[in-house]
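Please treat every number below as a calculation from the coordinates, not as lab data. All values derive from a computational prediction rather than experimental measurement. Positions of Cβ are backbone-derived with ideal geometry, glycine not excepted, and every protein chain shown enters the neighbour counts.
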């Protein structure tokens, strides 16, 4: 059995279709012809992260909800983290964090869209965290 067969649970085509439907559900502008070079590069990295996550079963899409399945984090980490649409309160969550604490600010906003404590994200394995950061980055772009 090849490595691809071991990790790909969903075909890339299906994963890309799910990605597009999820973006449309959030009214995200993903039309690459309107992106400048830097935006296009950033978008393609995030898209790849999410699509690969879907193919491997690390991310599931259900309508507007994207759920990251935490396969690598142990201990008190949740098994799944569901991301909802951000609101104005999502961006206000950063106001509770000291100036200059960019990671803390990101985690506070991620906590708002997931309903979890920001400490949850600091305890995730980096392999799970990268999917959370990708989903969040696109939701707030």
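Some notes on this structure:
- Modelled label reach - residue 9, point 7 Å along Cα→Cβ, the stretch 49-92 residues with backbone N closer than 14 Å: 52-62, 67-73, 79-81
- Mean projected area (nm²) of the alpha-carbon convex hull when the stretch 6-53 is viewed from all directions: 3.6
- Percentage, to the nearest whole number, of Cα pairs in the stretch 40-85 over 13 Å apart: 60
- Among 53-62, 76-85, sorting by the average number of other beta carbon atoms lying within 10 angstrom of each residue, highest first, gives 53-62, 76-85.
- In summary, the chain shows an alpha-carbon radius of gyration equal to 1.06 times the 2.2 N^0.38 Å reference for compact globular proteins.
- Our estimate of slack between residue 89 and residue 141, defined as 0.36 nm per intervening residue step minus the Cα-Cα distance, is 17.2 nm.
- Residues 43, 121, 72, sorted so that the one with the fewest Cβ neighbours within 10 Å comes first: 72, 43, 121
- Computed E for residue 117/residue 25 - FRET, C-beta separation, R0 22 angstrom, nearest 0.05: 0.25
- Paired Rg and Dmax values of the stretch 96-141, which use every Cα atom, in angstrom: 10.1, 27
- Dimensions in Å of the stretch 46-120 - Rg and Dmax from alpha carbons: 13.3, 37
- Cα centroid separation, the stretch 98-117 to the stretch 6-78 (Å): 20
- Packing here is the average count of other Cβ atoms within 10 Å per residue, and on that basis the peptides 90-100, 104-114, 27-37, highest first, run 104-114, 90-100, 27-37.
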